[in-house]
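One structure below.
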Amino acid sequence: MITLTPKRTFTVPIQAACINVDVFTGKTLQEIKNLSITEGKETITLNDAFDITEDKTIETPNITLTGDFSKVKRIGQGMKTGEIVINGDAGMHTGEKLSGGKIVVNGNSGGWTGSEMKKGLIEIHGNSGDYTASPYRGTSTGMRGGLIIVDGDVGTDVGCYMQGGLIKINGSAGRYLGFHMLDGTIYVGKDCSIRAGACMTGGKIIINGAVELLMPTFTIDSVKPKVKIDATQIAQGPFYVFLGDIAEHGTGKIFALKATNPTLSNYEKYL
Amino acid sequence: MTKVFNSVVCTICGCLCDDLEVTVENNEIVKMKNGCAVCEAKMVHGYKSEERILKPHVRKDGKLVPVTMDEAIHKAAQILTDAKYPLLFGWTSSASETQHVGVELAEELGSALDNCCSVCHGPSVMATQEIGIPTATLGQIRHRADLIVYWACNPWSSHPRHVERYTAFTDGRFEKSEFKDYVQKLKAKSGQKKVAAAIRRTRVRYQPPPRPQTALVEAPPQTLAKDGRRMVVFDVMKTMTAEVADYFVQVEPNRDYEIFGALRCLVNDQELDVDTVGGVPVDYLKEIADVMVNAEFGAIFFGLGLTQSVGRFRNVELAIALTRDLNRKTKFVVSPMRGHFNVTGANTVFAWQTGYPFALDFSQGYPQYNPGEFTAIDLLRRGDNDATLVISADPGAHFPKGAMQNMVKHPLITINPDWNAISRLGDVVFPTQWCGIEQGGTAYRMDSVAITLKKVVEAPKGVPSDEEIVKRILEEVKVIKANKAEKEDTGKQVLQETAAPKKRGSKTLKKEL
Amino acid sequence: MTEVLIKNGFVFDPLNNIDGQKMDIAIKDGKIVKKVSNERNAKVIDASGLTVMAGGVDIHSHIAGSEVNLGRLIRPDDHVKDVVKKTALTRGGTGYSIPSTYVTGYRYSKMGYTTVMNPSMAAMKARHAHEELNDVPMIDKASFTLLGDWWFALENIAKGDLEECARHIAWMIRATRSYAIKVVNPGGLESWGFGRNVHSIDDEVPNFCITPRDIITGMAKVNTMLNMPHTVHLHTNNLGVPGNYKTTIDTMNALESVYTGDKPIGHITHIQFSSFAGDNWAHFKSGAEEIAKYLNAHNHLTVDIGQVTFADTTTMTADGPFEFALYELGGHNKWVNSDVETESSGGIIPFHFKRKNAVNAIQWSIGLELSLLIKDPWKWFMTTDHPNGGPFFHYPRVFAWLYSSKAREATLKNCNKKAQKKSLLPSIDREYTLYELAIITRAGTAKALGLKNKGHLGIGADADVSIYNINPETTDIAKSYKPVRKAFGNAAYTIKDGEIVVKDAEIVATPSGRTMWLDVQTKEPCRIDDKIKSKFKDYWTIEFDNYPVTDHYLKVPEKIAIKASV
């Protein structure tokens, strides 16, 4: 296990895609220390910014980051195997394009966490920022697979253009949850802000709390007693099931818990 | 000596009206024809401001003192090269020639680079990146459009000549001006006695009884069925533009997105499960959808009401999606109402040099783009940068408090013609010429047509153009960097010469530096 | 200025009938000369074992302008895949399908290209195009103005007053600092103003009482009257529609009716997109055989191909209705339409040409079938219609498909099965020689464009030279196509105006390159009285005085004066 601890408080952002199990594997401690990162415009070594120690007795997690990493971007970008644990906040683009392995954040995580993720697991025990699991600007292929678990709340535009996998949010979700979603599942434990599922054409969003306002472009389908989250978990209802987004001729589904959404009862007349 | 300049370009808004006639006496603009009130306020009066900066200033012991240009340039370049991550912000009231040098400076510095579009129509650009945009130059709309939709904007006040030059009140090849109709309407409104008769004659909307609180919309007026150009306004309040329009739809604040969604369904002949959307009854929206589908050529203009309210670029995205859907039935175009006269130019110039329109970062040696990550306000609020250069913009008056607090923690360089809020906060303050009045150049209209700005008066003595200032800073930055590299080289040599006792070597190095 | 001597290279210079002879090329003051004054003072390049050609001349590549830049702006997803770092000498930037301006210049130069034609410039947005071209270093460039749907032209053609039309066009060519007349989907763009299109060359253009045929023949005649160095540059009606090869043949016949018999009367651009047979997309077939047969039997035309290279690219054209039709086929996330008042329109769609897609693979095959079935290499030129068929830096791939049937086979093997069955390629064994390649990439294009000092290495020519690491004596290019392909993409040397700008595929100097434009002098100047001025005011939303592009917008202008016969 390699442990990194910041030497000082960072003001300008650090880009460190090299904090990645695939990169560290097979390198000596000295080689790891000499990996180059950028702090603002300046190129420095990993050792300039972090105290780095190695504990050969522990196998997993492969990398532990302790301290405030909220200014450190692109941790574990494109990682294929291994495990990173961050004991503190993580910066933007953490676990971007993850295609395997596991990242655990014992704190909050920045924007674009798990962006364009393909496989693997990201666990965030705090809140996660805007655009979690959403693709880069102008790209219309989002998260393809894997699992993201957020214990706290998430920001806006989470799970845009999602094509597969599961995002499990135990807190509440911001605007545009599952925007333009094609497939996959998003589960929200608490409330959900406006415009959930806007432009979605497939997949499902399960909301276990209050829906602030449902898009008018959704039409009620049925009331269901329960719904499957994944192979092992089932959410207990009853749920209103809405189909949409009909403006996109979509067949995505929003499951909104009946008990917490009395405002949606006026849709019952169409059943 | 009196001199008259024709076809002068106005440097206020994105309309870039280029038909001004400016009279200059003794190097002062004394009269202007054709311009709107806003234009006159700047080009006849505003530019002569008593608050004009005439000399470069540098902050010494907390006070701004006048210095020579050389000293200010050196100081600015030194600040920018010493910083780990500077931010260069502004650019939209400069000519594209200046913006052009700006990109090179940012690249040389490895800094962040952003323009004011991140606080106005940046979301429009982002929406375009998600979904594209069916648009047209303004003349196309003038010649052909029989339906004009102003959504969340108030051109009557913000772009005063937009309606007159490009849309409802202008004569095109295939569509005629509705100005006469409007004058009749006005007369009808002012002539108290003949109100009723005049209304009948001109088929102007009658004054409706006070609206009930639940429905925010009036009954559709008969004018919607008239021939010729029609104008529809969607807004959260009844603006001046709405007064002129044939139909006004009052939208609940922050509910534009829902209305776009509903309109899209209605245009595609789908039924909705709800009765009202965003405070507007669905039946009214159905009528609007019919009007849109039956237009020969429709144009939607949208403003900051979409881009800066809840939803931001997603609002615009749906406006574009609606336009796209309408193109399957008829011809429709959509266009943002760009604000600053050359904000489109900043997007254009940045894009051709780097591929990206704003929110740029050069810290990796190549351009990176990500609004939210590299946009000025986000960057400042997180406190990511450690020096700022502001050019032809006044974030001091417009940025949120948190962003400004972080900005002034670090050195600040400003390039502006007059003492505005940001200049007063600067550590290095440059004077500069008024672009389009004292200096020529190129600007891009809101539909990205490039127009040449004209110089009509001489700038005060010793006040350079912003292009020259940025160029000189760039040169100085290169010199400082070269000197630094040379020093490091000699440092290394010293290190090599004294290679044996390594520690002493590094000490020498430190001394050298 | 320093002198350069290129020694012992295998020179391919078709315009001077030099086919791989070993010889020296001497350069002085940016021009090719008989010999250098003193070999000791000259910079000597040992080119023994290397291939020497004139610098490449690209006849059709969208590198700058409003349309191109809008394409750039909407594709951050495309740029992020291909980033270019700044160096001490060169600027940074991004690719991929629409590289930023500096990167465009560097990449062209690295392939040994020195002149590029920017074929689609809306007149009203000419100022923008020139500002952008100034930022494309390393290469000489020129732009073609879109004039086929300009109201002034349409009205004059409808009136039958071609002389007046010619004078207006001469004014416009000067005002926009342009090099040729571009006609795109004549009549179709005007119809698109109200969301319609024309579907044959005899459909009437709404509101103007003329047909595309009138525009095509009228413009060809105007082009002759003005003594333009290049012919009319024509993008046909019905482009991109299955079965459109018939329209293309109609168009070519229409052009023949005004052919006078000395030099070609028209250039049909990216003809691959106009050579589709079959009634619909399901029965999509190649019409290459018919088109090639026609071209082999006639001499009044030149064409360029618009080869598809299988890339995730961005299609962009002034043909707005075509792009909308393409968008309606589905599967696209972005659509841009950009109409220009009284002149033109435009459309952009990101498009991924895939090997496994039947239509895309057939399109790839059509391009190559045309290239191989048209017998005379002086009649057709190699382009990808950058970025429509694929980005320009894919040219070496196209070369390989032309000079090596083995390369063709290798690609065809991975294509859609249905397309493989329909393809004529296995039945064609033609392989291009280096001499022929030099024709379709520089000699022929320069000749068709009327660029007298380009595309060859004769005395007095511009010293634009490219040297490739290919030894024609020891290499069988058809067999070992991969190293040759690599050599074409990484020039050993590129010389621009006598200055070495690329050495071993590295940029070593970054000159600006010139912008060529025509100063068309009509016998009688274009009548610009108050009546015409007020017409300008009615038609455009910018003032007459502010319309023309001034010299200020051309960094290094090269004015070419021509005398018109009207």
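Bear in mind these aren't lab numbers, they're just calculated from the coordinates by the rules spelled out. Worth saying up front: this structure is predicted, and the values here are computed from it rather than measured. Heads up, the Cβs are rebuilt from the backbone with ideal geometry, glycines too, and the neighbour counts pull from every protein chain shown.
May I ask for the Rg/Rh ratio of the protein assembly as shown, computed from Cα atoms with Rh as the Kirkwood radius, given to two decimals?
0.96
When every Cα-Cα distance of segment B:226-384 is counted in 5 angstrom steps from zero, the calculated P(r) takes the values 2, 8, 14, 18, 18, 13, 9, 9, 6, 3, 1, 0 percent. Approximating the spin labels as points 7 Å out from Cα along Cα→Cβ, the B:V30-to-A:H249 distance works out to 6.8 nm. Summary value for chain A: 9 percent relative contact order, contacts being C-alpha pairs under 8 angstrom separated by 6+ residues. Each label was represented as a point 7 Å from its Cα along the Cα-to-Cβ direction; for C:K482 and C:T87 these points are 2.6 nm apart. Between rounded, prolate and oblate, where does segment C:47-156 land on the alpha carbon gyration tensor, with a ≥ b ≥ c its root eigenvalues, rounded for a/c under 1.5, else prolate if a/b exceeds b/c? Since a/c reaches 1.5 but b/c is at least a/b, the shape of segment C:47-156 is classed as oblate.
Convex hull volume of the C-alpha atoms in segment C:513-554, normalised per residue: 96 Å³. How large is the Kirkwood hydrodynamic radius of segment A:58-270, in angstrom, based on all distinct alpha carbon pairs? Result for segment A:58-270 stands at 16.9 Å.
Close amide H contacts of C:S286 (hydrogens built in the peptide plane, cut-off under 5 Å, sequence separation of 5 or more or a different chain): C:A277.
For chain B, the spherically averaged projection of the C-alpha convex hull amounts to 29.5 nm². How big is D, in µm² s⁻¹, for segment A:221-271 by Stokes-Einstein at 20 °C and 1.002 mPa s if Rh is the Kirkwood radius over C-alpha pairs? The diffusion coefficient I find is 183 µm²/s. Note on segment B:254-301: Kirkwood radius taken over Cα pairs, Stokes-Einstein applied at 4 °C and 1.567 mPa s, translational D equal to 117 µm² s⁻¹. Compactness of segment C:477-539 is given as radius of gyration and Dmax, 24.0, 67 Å, from Cα positions.
Computed from backbone phi, the HN-Hα couplings of segment B:35-49 come to x, 7, 5, 5, 4, 4, 4, 8, 7, 9, 10, x, 5, 8, 2 Hz, rounded to whole numbers (Karplus: 6.51 cos²θ - 1.76 cosθ + 1.60, θ = phi - 60°; Gly and Pro given as x).
With the helix formula -39500 (n - 2.57) applied to DSSP H stretches of n ≥ 4, chain A reaches a computed 222 nm mean residue ellipticity of -1000 deg cm²/dmol. Put simply, the amide H of A:G120, placed in the peptide plane, has neighbours under 5 Å in A:G146, A:L147, leaving out anything fewer than 5 places away on its chain. Across the alpha-carbon atoms of segment B:391-430, the computed radius of gyration and Dmax are 9.2, 26 angstrom.
Using only alpha carbons, chain C has a radius of gyration to Kirkwood radius ratio (Rg to Rh) of 0.95.
Rounded to the nearest whole angstrom, the semi-axes of the ellipsoid equivalent to segment C:300-363, taken from the Cα gyration tensor as √(5λ), stand at 22, 18, 9, largest first. Kirkwood hydrodynamic radius computed over segment C:230-283 comes to 11.8 Å, based on all pairs of distinct alpha carbons.
The alpha carbon radius of gyration of segment B:82-160, expressed as a multiple of 2.2 N^0.38 Å, is 1.50. For segment A:125-135, 3J(HN,Hα) computed residue by residue from phi via the Karplus equation (6.51, -1.76, 1.60; θ = phi - 60°) reads 8, x, 9, 10, x, 5, 6, 4, 6, 9, x Hz, glycine and proline entered as x.
Considering all different alpha carbon pairs of segment C:117-186, the Kirkwood hydrodynamic radius works out to 12.6 Å.
Taken over segment B:334-432, the convex hull of the Cα atoms encloses 129 Å³ per residue.
For segment B:1-125, the alpha carbon convex hull comes to 171 Å³ per residue, rounded to a whole number.
For a footprinting-style exposure proxy, rank C:W171, B:W91 by other Cβ within 10 Å, fewest first.
The most exposed by this proxy come first: C:W171, B:W91.
The GluC sites (Glu not before Pro) found in segment B:23-110 that occupy coil by DSSP, while having at most 14 further C-beta atoms within 10 Å, are B:E50, B:E51. Relative contact order, whole percent, for chain C stands at 20, derived from Cα pairs under 8 Å and 6 or more residues apart.
Ordering C:H130, B:H410, C:H199, C:H267 by the number of other Cβ atoms within 10 Å of each residue's own Cβ, fewest first, gives C:H199, B:H410, C:H267, C:H130.
The mean sequence distance of close C-alpha pairs (under 8 Å, at least 6 residues apart), as a share of the length of chain B, puts its relative contact order at 23 percent. Note on C:Y432, C:Y395: ascending count of other Cβ atoms within 10 Å places them as C:Y432, C:Y395, the fewest first.
Max-minus-min Cα coordinates of segment A:23-134 on each principal axis give 35, 34, 22 Å, with the largest extent listed first. Estimated from helical segments only, the mean residue ellipticity of chain C at 222 nm is -8500 deg cm²/dmol, where each DSSP H run of four or more residues counts as -39500 (n - 2.57). Taken along the Cα-to-beta-carbon direction at a fixed 7 Å, the label points for B:Q78 and A:K80 span 5.1 nm. Converting phi to 3J(HN,Hα) with the Karplus coefficients 6.51, -1.76 and 1.60 and the offset θ = phi - 60°, segment C:321-329 yields x, 5, 4, 5, 4, 5, 4, 5, 5 Hz in sequence order, with x at every glycine or proline. Semi-axes of the equivalent ellipsoid for segment C:450-564, computed as √(5λ) from the eigenvalues of its C-alpha gyration tensor and ordered from largest down, come to 45, 17, 15 Å.
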